[in-house]
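To start, the structure itself, in structure tokens.
Read the figures in this text as sums done on the coordinates, not as results from a lab. Remember, predicted model here, so these are calculated numbers, not experimental data. Cβ placement follows ideal geometry from the backbone for every residue including glycine, while neighbour counts extend to all protein chains displayed.
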Amino acid sequence: MNAGYIRHLFEQHGLHRERTLNIRMEGSQGKQRMTQLMESFRSQPPQQLGNLQVVGRRDYLQHLRFDSQGVTQPLAGPTDDLIFLELELTGNYVAIRPSGTEPKIKLYLFTFMDPGQWADLPAAQQQLQQREDQIEASLREFVETV
């Protein structure tokens, strides 16, 4: 696929980046630590990740969506031990779930930049990577405090 076509897609649909973090929970306490961490993301999630405010939380185990004002709404969808932290910029969020086969928590970072927010593609890609780095650092700090 040529670079011009890919750039056209970015200009039409925006820039999207994803990153996966695997936080291993070793030892005999691994399962308990995974449960504690998921409960912390449910009951006292971080209020900010990187430079972005957390403005909502979707909990697919409880089928509830919580906004930053404390308003709760029912949430449709599958039942799973899965939490989404919605960030203040549309299209930027984090999904969190325990692994079903290994002693680890999986965190999926999704970042997005609207087509009209950038002109220089390499600079915009670098900006999204820096945003991911900041979100990752905040998540790792949160995990260490639980």
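Hey, with R₀ at 22 Å, roughly what FRET efficiency would T72 and E39 work out to, going by the Cβ-Cβ distance, to 0.05? Mind showing how you got there, number by number?
On the way: r = 17 Å, r/R0 = 0.79.
Once rounded, the FRET efficiency stands at 0.80.
Report the gain in length on full extension from A123 to E11: 0.36 nm times residue separation, minus Cα-Cα distance, nm rounded to one decimal. Don't jump to the answer; show the numbers that get you there.
Working: separation 112, 0.36 × 112 = 40.32 nm, distance 1.40 nm.
So the extension gain works out to 38.9 nm.
Could you run the Debye sum over the Cα atoms of the chain, one equal point scatterer each and no solvent, and tell me log10 of I(q)/I(0) at q = 0.22 Å⁻¹, two decimals?
Here log10 of I(q) over I(0) equals -1.34.
Run the numbers for E26 and K104: contour at 0.36 nm per residue of separation, minus the present Cα-Cα distance, in nm.
27.3 nm
R140 to E88: FRET efficiency via 1/(1 + (r/R0)^6), r the Cβ-Cβ distance, R0 22 Å, to the nearest 0.05?
After rounding to 0.05, the efficiency reads 0.60.
Sort S138, S28, S99 by Cβ crowding within 10 Å, fewest neighbours at the top.
Result, fewest neighbours first: S28, S99, S138.
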